[in-house]
Every structure is written in C-alpha cells, then in structure tokens.
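Everything below concerns the one structure shown next.
The values are calculated or read from the model by the stated rules, or taken from the named source; none is laboratory data. What you see is a predicted model; the values in this text were computed from it and never measured. All Cβ positions, glycine included, derive from the backbone under ideal geometry; neighbour counts span all protein chains shown.
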C-alpha cells in the first residue's frame with residue numbers, strides 16, 4: 001500500500017470518529033426532485049444565514065441540485081434512521097417511492113420538507129465550488145422550521161440517537 005493510500009484510509013477512519021448529524025438534502029424544481037442522505041453539512045455564517053452542504057461528485061443528484069438551484073436541509077430526528085437509509089440507497093427504493101411516503105410538506109421555495117424533522121432549512125444555492133472529490137454547495141437559507149426533538153447522528157459508522 002502506498003503512503004498516499006495509507007493516509008487516505010487513516011483519514012477515513014479518523015473521520016468516522018467525528019460525530020455528525022444525519023440530514024436528508026432534498027431538491028425540487030425544473031431539473032426534477034431528489035434527495036440524499038448527508039452528514040457533510042455545517043453552518044457557515046448567520047449574516048446571511050448560510051449552510052455548507054458537501055456532495056460527492058459521483059452522485060447523480062448533483063445535476064438536480066445545480067439545475068434547481070434550491071435545496072432543503074432536513075435535519076433528522078432520532079426516529080428517522082429508516083428514512084436516512086432510504087435516501088442513502090440502502091433500501092432499494094426508487095426516488096418516486098421515497099417521496100410518495102406521507103412524510104413531506106413543501107416550503108416557501110417548494111422544496112420537500114420532512115414533516116417531523118428536528119429542523120428544515122430551505123434555501124437558494126448561492127455558490128457551488130469544487131474541492132477534491134466533492135461539490136461544495138453554499139446554501140443561503142430563506143425559510144426555517146424548528147421542533148424540539150432528539151437528533152440522529154452517525155458515529156463510528158453507526159447511527160446513534162441523541163435524546164433531548
């Protein structure tokens with residue numbers, strides 16, 4: 001194994017120790033409707049309210065996100081492991097089947113918003129950058145819903161529930 005490959009594998013293992021909230025990122029518009037599970041999401045600034053969402057360049061959803069120029073970050077609650085698995089492609093369900101579930105509302109920007117999420121952050125994609133294997137989406141938030149609920153994180157390659 002090369003030194004570069006060894007470093008890459010050690011990096012992946014170390015990032016598994018970085019607990020991250022589980023989110024379903026959705027988009028709806030002229031380019032279609034889609035959603036993916038993501039943990040590479042973080043706050044950038046509150047002026048204007050902006051969130052960074054990182055998506056692997058190999059994801060077919062990038063064309064939808066970039067075409068629609070809008071998305072919603074649905075921060076999953078502790079009971080949403082099954083939903084996370086659906087949107088990670090682990091259940092074999094089609095995109096149509098995922099959105100046929102009676103769990104969705106639509107926000108001010110017509111983005112799919114999970115009804116019982118910890119919060120929904122709906123916004124416009126203000127900027128897209130590339131770095132390494134990922135697209136970096138800077139999403140300027142325009143609509144927020146928040147509920148008092150426990151969360152769902154991913155740590156050491158397993159889902160963990162965080163009680164309120």
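Just to be sure, is residue 146 more than 15 Å from residue 28 (Cα to Cα) and crowded, with 18+ Cβ neighbours inside 10 Å?
Against the criterion (more than 15 Å from residue 28 (Cα to Cα) and crowded, with 18+ Cβ neighbours inside 10 Å), residue 146 does not qualify.
All but one of (1) without any contact (Cβ under 8 Å) to a residue 12 or more places away in the chain; (2) farther than 15 Å from residue 75 by Cα; (3) in contact with a strand residue (DSSP E or B) (Cβ under 9 Å, 6 or more places away or on another chain) hold for residue 128; state the number of the condition that does not hold.
(1)
I'd like to check something: does region 113-122 contain any residue that is under 17 Å from residue 33 (Cα atoms) and over 16 Å from the mean Cα position of the chain (by Cα)?
Within region 113-122 (the criterion being under 17 Å from residue 33 (Cα atoms) and over 16 Å from the mean Cα position of the chain (by Cα)), the answer is no, since none of the residues qualifies.
A quick yes/no check of all residues on (1) in contact with a helix residue (DSSP H, G or I) (Cβ under 7 Å, 6 or more places away or on another chain); (2) farther than 25 Å from residue 155 by Cα; (3) surrounded by fewer than 18 Cβ atoms within 10 Å (Cβ to Cβ):
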| site | (1), (2), (3) |
| --- | --- |
| 44 | no, no, yes |
| 97 | no, yes, yes |
| 100 | no, yes, yes |
| 107 | no, yes, no |
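Given (1) modelled with pLDDT of 95 or more; (2) more than 19 Å from residue 106 (Cβ to Cβ); (3) under 17 Å from the mean Cα position of the chain (by Cα); (4) surrounded by fewer than 21 Cβ atoms within 10 Å (Cβ to Cβ), identify the lone condition not met by residue 19.
Unmet condition: (1).
Kindly list the number of the only condition in (1) closer than 19 Å to residue 149 by Cβ; (2) crowded, with 22+ Cβ neighbours inside 10 Å; (3) in contact (Cβ under 8 Å) with a residue 60 or more places away in the chain that fails for residue 65.
If we test residue 65 against (1) closer than 19 Å to residue 149 by Cβ; (2) crowded, with 22+ Cβ neighbours inside 10 Å; (3) in contact (Cβ under 8 Å) with a residue 60 or more places away in the chain, just (1) comes out false.
Those residues that are part of a loop (DSSP other than H, G, I, E, B) and either under 20 Å from residue 89 (Cα atoms) or in contact with a strand residue (DSSP E or B) (Cβ under 8 Å, 6 or more places away or on another chain) (or both), I need them from region 19-30; list them, please.
Passing the criteria: 19, 22.
Testing residue 59 on (1) under 26 Å from residue 163 (Cα atoms); (2) without any contact (Cβ under 8 Å) to a residue 40 or more places away in the chain; (3) under 13 Å from the mean Cα position of the chain (by Cα), one condition comes back false. Which one is that?
The single condition residue 59 does not satisfy is (1).
Tell me which residues, restricted to region 78-93, are at negative phi and out of contact with any helix residue (DSSP H, G or I) (no Cβ under 9 Å at 6 or more places or on another chain).
Matches in region 78-93: 78, 79, 80, 81, 82, 84, 85, 88.
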